[in-house]
1. So which of V20, V12, V47 ends up being in contact (Cβ under 8 Å) with a residue 24 or more places away in the chain and in a loop (DSSP other than H, G, I, E, B)?
2. Out of curiosity, is V672 touching a strand residue (DSSP E or B) at 6+ places or on another chain (Cβ under 7 Å) and among the hydrophobic types (A, V, I, L, M, F, W, C)?
3. Kindly check whether there is at least one residue in the range 156-169 that is within 15 Å of the ligand (Cβ to nearest atom) and touching a Pro at 6+ places or on another chain (Cβ under 9 Å).
4. When the residues of the range 284-340 are narrowed to those that are under 15 Å from H440 (Cα atoms) and of a type in the set (S, T, N, Q), which ends up nearest to the chain's Cα centre (by Cα)?
5. Give all pairs with beta carbons closer than 9 Å in which a residue from the range 97-124 that is farther than 21 Å from A228 by Cβ meets a residue that is in a loop (DSSP other than H, G, I, E, B) and at pLDDT below 95; count only pairs at least 6 apart in sequence or on separate chains.
6. Looking at (1) over 15 Å from R298 (Cβ atoms); (2) among the charged types (D, E, K, R); (3) surrounded by 12 or more Cβ atoms within 10 Å (Cβ to Cβ), which is the only condition R364 fails?
7. Among the candidates Q241, Q265, single out the residue that is within 22 Å of the chain's Cα centre (by Cα) and not assigned by TED's automatic domain parsing to the domain that holds I458.
8. If you scan the range 241-267, which residues turn out to be of a type in the set (S, T, N, Q) and either assigned to a helix (DSSP H, G or I) or within 25 Å of R63 (Cβ to Cβ) (or both)?
Amino acid sequence: MAQYARGSAVAVIRLRNPPVNALSRAVLQALEDGLKKADADPSVKAVMICGENGKFSAGADIRGFSAPKRLGGALGPVVSLIESSEKPVVAAIEGVALGGGLEVALGCHYRIAHVKARMGLPEVTLGLLPGAEGTQRLPRLIGVPAALDMITTGKHIPATEALKLGLVDEIVEENTIEAAIRLANKVIGQPLGPRRLSLKPVPKVPNMEAFLDEALAKVKRQARGCLAPELCFQAVRAATQSPFADGVRRERELFQVLLSSGQAQALQYAFFAERAVRRWATPGGASWSSAAPQPVRRAAVIGLGTMGRGIVTSLVKANIPLVALEQDLENLNKGRKAVMFLLEREAMKMEGGAQVLDFHNPARLQFTVDFDLLRDVDLVIEAVFENMALKKEIFHKLSKICKPGALLCTNTSALNIDEIASATNRPQQVIGTHFFSPAHVMRLLEIIYGRHTSPTAIATAMQLATALKKVGVVVGNCFGFVGNRMMFPYVQQAVFLLEEGSRPDAVDQALEDFGFKIGPFRMSDLAGLDVGWRSRKDQGLTGPSLPAGTPARQRRGQRYSPLPDLLCEHGRFGQKTGKGWYLYEKAGGRTATPDPWLLNFLSQYRDTHGIQTRFIDQEEILERCLFSLINEGFAILAEGIASGPEHLDVIYINGYGWPKHRGGPMFYASTVGLPRVLAKLQKYSEAHPDVPGLQPSAFLKKLAAVGNPPLKEWMSYLSQQSSKL
Ligand SMILES: CC/C=C\C/C=C/C(=O)SCCNC(=O)CCNC(=O)[C@H](O)C(C)(C)COP(=O)(O)OP(=O)(O)OC[C@H]1O[C@@H](n2cnc3c(N)ncnc32)[C@H](O)[C@@H]1OP(=O)(O)O
């Protein structure tokens, strides 16, 4: 709702829809009613619009876009109504003015903001454009380059920047509402024509066409298959080419295209999924609603390899004092240097720089080889390399040294949390925190509870994720947890496709065209092939522990490809050695080119194993890689490793470069249709009966059999799972 109140000469309209004053139909109706009331009341000389609870508005109610009676065009006319008012209207912006919220403010004749307020037009991140005339008003106010930047990226800007851009007229440090009322009183009677943005010309840019061509090329490069940025661009370009009314018509057309595109639905699903996973629960009954986190006043990180360095950087950026520990002075000095380099770089990106991070202060960041300094920390993150014996040794030591309440986290991508916890005298305080590389950049934190992990430990790890500005997703303990477990069949299919006749660049291209940031072979070269090789040796799949006489392309009765092992045996570890699935300009190089040696090697390999080379089209590449990954997702859900498909989707979007505009793998499966996913898996598993990853999971079969229910209903079918599956 919006509350109307009349003070002296200034009427106040307060947007009220907790928690963020989203503009629902009811709010818009009340806003319109308030404006009409103010207009009709001769004692009212000016209007001030503000938001309840220190927030202007987070924009249109996102749920309204998928409601049967869509919010659609309701907002634009209200913004026009504000602008055409004969009495001055002042927006008092506190907290946030985003999307439709900022468009309401753009309709006002004056904007005054609190210094801590943030503004933006993030519709593009939801697959939309600022469809309440924002694409036409903003360029008129702040110019085309700045407007294009805000509208095509969706970034939120602070009030100080908004003032510089001319987006607001004034910023205040004290009471914004009082300042806005003062301003409203001051401007009573002043001409409103110059304050109506729709009447202003779009400021000229020298050589506008060349500027726009360049801007479009940049937008396209960054969009990677996402429609909204380009359509946002087109709407702003319309502002430069047409009068306001025509620009608005064009904006509406483009908005409708986006609204009915599957991409908007996927991106809005992703928005809510990210928030839904905060409400974690375990099959044992622990949940976010009853568990309270412990405070983390001081932390420690053990191991300053690639992961440890990123984790330390992340903690420093979150202002958590910490101890960074290495096993010896040589590694400590190497690690310290690398951490300092990362921190200097991060500080340069921040306002206030190194002083704000304060990382030269030993009270905030202390480097040591002395385990004793871990006595009074509240939380330890062990980040040594993936070796169970080593991790157990460290955890045994930690359980002797750390204070009783300290939370003991292990950064692992696959190892058994229960086994690590068994080395301690406090398994309830042991938890997996799977960071993604680079740990100070990647948003995902997979949080893995073991059999004994307490609800407090989970809540504390989730709180840590928030402090680190990461998305924490709570999952159960199994090999590879959620992300890597789903990745195994995907990568396996990619390698099988090479065996059968494809090429690394063809597979990567198909998946990158689908929208992945990076295909599986480029990714493998980046991460280093030796990582998987070591793990396969530990599992006895290759190397000296492989029993003599094991068939080259079979393990434990299932199809196996030794191709990645063979590459490692040739010293091809990826970028670090200058060659892997691709050739690089030098060791450590980043430019991948197809390698004739590898293509020749693949062809000889096929000859050796009697494999007939065949052409594999893009459709088969996508179906085999993606559907096997999705299939594993259904198995994970059925086992209760994750409490809903949103968890899997948030993990894939934030940790594995899954294109957000496709909503995550499980959402994507729902758009393809589960019967189709099932039929394809059945077809491929018949052709490859020795590949378990292609055999449809029982849960997928069940959902297809019950008529392909919507994703939000999937989990309700698990409790009814019958023996007929
Ligand atoms: C009408 C057609 C024409 C015009 C086009 C206009 C389009 C739009 O305006 S689209 C909306 C644009 N706005 C946004 O994208 C902002 C989205 N919100 C956020 O970025 C953040 O929520 C926030 C920065 C405003 C606040 O962040 P934080 O403090 O971390 O809180 P939460 O994110 O957890 O949000 C709290 C709660 O509010 C729900 N919510 C937030 N924004 C909206 C919204 N615009 N519509 C509906 N609901 C919203 C959010 O989902 C949380 O609730 P749940 O935990 O229950 O999910």
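The values are calculated or read from the model by the stated rules, or taken from the named source; none is laboratory data. Only a predicted model underlies this, so the values are computations on that prediction, with no experimental measurement involved. All Cβ positions, glycine included, derive from the backbone under ideal geometry; neighbour counts span all protein chains shown.
1. It is V20.
2. Judged against the criteria, V672 is not a match.
3. yes
4. The extreme case among them is S314.
5. H114/E174
6. (1)
7. After ruling out the rest, the residue left standing is Q265.
8. Matches in the range 241-267: Q241, Q256, S260, S261, Q263, Q265.
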